[in-house]
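Asks: Let me begin by handing over the structure; questions about it come next.
What follows draws every value from the coordinates through simple rules; no lab data is involved. Everything numeric here is computed off the predicted structure, so don't read it as measured data. Neighbour counts are summed over all protein chains in view; Cβ atoms, including those assigned to glycine, are modelled from backbone coordinates with ideal geometry.
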Amino acid sequence: MTITATSAQERMTRAKEASRSVGLLDDGAKARALNAIADALDAATADVVAANADDLARGRDSGLSEGLLDRLRLDDARVHALASAVRDVALLPDPVGRVLDERTLANGVSLQKVSVPFGVVGSIYEARPNVTVDIAALALRSGNAVVLRGGTAAQSSNAALVAVMRAALESVGVDPEAIQTVDDFGRDGANALMQARGLVNVLVPRGSAQLIETVVTQSSVPVIETGAGVVHIVLDASAPLEWAEQIVVNAKAQRPSVCNAVETVLVVRDAADRLIPPVAAALESAGVTIHGDEAVRALVAGAVPATDDDWATEHMSLDLSMRVVDDLDEALAHIRRYSTHHTESIVTADEENAERFLAEVDSAVVMANASTRFTDGGEFGFGAEVGISTQKLHARGPMGLPELTSTKWLARGAGQIRA
């Protein structure tokens, strides 16, 4: 369906108006809307992939990195996976109307605290057309309208996806103005979205550290901060070799361009001779370039020297920083200094060290003996995710449906007045 509004302000106003009817949809109506979107995505796969090919061609011409090109890419399988994720969201319990607290006052007034939609959810993100579908689906399932700014790199893909979703909503009698994009207004659209206090209730940025910092510092709309992923894995002195190899390779090489891919591996010195050569060999076999400190380079001939900047870098590529630390204390100190508070994991057979790591590391997701690639809304059973919050207010970690709701108190009386 064609978007007719001629300004970003008008589109956000329409989203706010649509949010009132969307917020009143019952469970079945919201599920039907999402299933219609999923069916429409499957039917329009060829059109979406063709639009994405235009974006990929422009991205290559403009020198977009391989990591960003991978995030940008949509093929038949990825479009069908998006449709499948939308169906999964449709099957999730309705997050709206949950009774979170209830009590009766001494004067007989009955109180209930219930979950309600935010109203309008905005998102600013880069080169991630999957986010266009994920956030729209989660917003609609939680009774919200959505305003999207997906960036120039994915503009053709996002336009195609938004058109498909809006037409699907219209086909089942849901106001299509509940899905809006301000992509075609460029930076002015992004600025309008950040200053849309009163029209947009919450804004979720996803992308580079620079983008997120810009949104956090310049937005007048309340922001749920999602963070860059300088993700760590610690190989403890007791780490089983098979676990260390499999977890590190999976966390780095399965999909290196995503925010839950490991960027730094810290190896406790007592395990360095035992673990580093085979783990490094497995990484190199997967195409990974290791940026190592002096101790690592003494054990790995192919490692390149690590710089101070490497420890704070989200490579988003087949590059990995590796350092030898004296003990778990030094590993924890390194993480405190360089972590972006996204995801950290330890590989260890020492239960006491595992529990200490889980307790002391201050990140949104902390793991023991598991790949950091599990930090994902789909893997956590959310169907999809809005993003991975690295802040501590309202939401932290992968954000699903409950994180797109607020609360209100309902009071039911029989003529009571306050004395």
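Asks: For the stretch 255-299 and the stretch 115-148, what is the separation of their Cα centres, given in Å?
Replies: Between the Cα centre of the stretch 255-299 and that of the stretch 115-148, the gap is 37 Å.
Asks: Related question: Relative to the longest principal axis of the C-alpha atoms of the chain, give the angle of the C-alpha long axis of helix 155-171, reported between 0 and 90° and rounded to the nearest 10°.
Replies: Long axis of 155-171 versus the principal axis of the chain: about 40 degrees.
Asks: Also, I was wondering about something else. Mind listing the phi-derived Karplus ³J(HN,Hα) values for the stretch 193-203, rounded to whole Hz, using 6.51, -1.76 and 1.60 with θ = phi - 60°, and x for any glycine or proline?
Replies: Calculated HN-Hα couplings, in order: 5, 5, 9, 8, 4, x, 9, 10, 8, 8, 10 Hz.
Asks: For the Cα atoms of the chain, what angle does the longest principal axis make with the long axis of helix 8-22, in degrees from 0 to 90, nearest 10?
Replies: Value to nearest ten degrees: 70.
Asks: Sticking with this structure for a sec: State, as an integer percentage, the relative contact order of the chain based on alpha-carbon contacts under 8 Å between residues 6 or more apart. Mind showing how you got there, number by number?
Replies: Details: 901 pairs, mean separation 77.5, N = 419.
19 percent.
Asks: Spelling out what I want: for every residue of the stretch 289-295, take phi, set θ = phi - 60°, compute 6.51 cos²θ - 1.76 cosθ + 1.60 (Karplus), and round to whole Hz; glycine and proline get x.
Replies: Each residue's phi maps through the Karplus curve to give 8, 9, 9, x, 6, 4, 5 Hz.
Asks: Where does the chain land at 222 nm, in deg cm²/dmol rounded to the nearest 500, when only DSSP H runs of n ≥ 4 count, each adding -39500 (n - 2.57), divided by all residues?
Replies: So the helix-based figure for the chain works out to -13000 deg cm²/dmol.
Asks: Out of residues 5 or more away from Ala239 or on other chains, whose amide H comes under 5 Å of its own, with H placed 1.01 Å from N in the peptide plane?
Replies: Long-range HN contacts for Ala239: Ala349.
Asks: Springs between alpha-carbon atoms under 10 Å, Gaussian network over the chain: tell me which of Leu82, Leu241, Leu320 tops the mean-square fluctuations.
Replies: Its mean-square fluctuation being the largest, the pick is Leu241.
Asks: Which ³J(HN,Hα) values in Hz, rounded to whole numbers, follow from the phi angles of the stretch 34-44 under the Karplus curve 6.51 cos²θ - 1.76 cosθ + 1.60, where θ = phi - 60° and Gly and Pro get x?
Replies: My calculation for the stretch 34-44 gives 5, 5, 5, 4, 4, 4, 5, 5, 4, 5, 9 Hz in order.
Asks: Around Gly122, which amide H atoms from residues at least 5 apart in sequence, or from another chain, sit under 5 Å from its own amide H, with H modelled in the peptide plane?
Replies: The list, which skips near neighbours in sequence, is Val147, Asn201, Val202, Leu203, Val204.
Asks: Could you size up the charge dipole of the stretch 150-276 around its Cα centre, putting +1 on the beta carbon of Lys and Arg and -1 on that of Asp and Glu, and report it in debye to the nearest 20?
Replies: In total the dipole reaches around 100 debye.
Asks: Across the Cα atoms of the chain, what radius of gyration and what greatest pairwise Cα-Cα distance (Dmax) are found, in Å?
Replies: When restricted to Cα atoms, the chain yields Rg and Dmax of 23.3, 82 Å.
Asks: Another one. To the nearest Å, what is the center-to-center distance of the stretch 363-419 and the stretch 210-226, using C-alpha atoms only?
Replies: Cα centres, the stretch 363-419 to the stretch 210-226: 19 Å.
Asks: Then there's this: Scan around Ala196 for amide H atoms under 5 Å from its own, H built in the peptide plane at 1.01 Å from N, and keep only partners 5 or more places away or cross-chain.
Replies: Amide H neighbours of Ala196: Ser220, Val221.
Asks: Roughly how many debye, to the nearest 20, is the charge dipole of the chain about its Cα centre, given +1 on each Lys and Arg Cβ, -1 on each Asp and Glu Cβ, and no other charges? Present the calculation step by step, with values, prior to reporting the outcome.
Replies: Working: 37 positive and 57 negative charges, 419 e Å.
For this selection, approximately 2020 debye.
Asks: A further question follows. Which of Leu82, Phe357, Gly108 sits closest to the plus end of the dipole of the chain, meaning its Cα is farthest towards the positive end, when Lys and Arg get +1 and Asp and Glu get -1 on the C-beta?
Replies: Farthest along the dipole direction, towards plus: Gly108.
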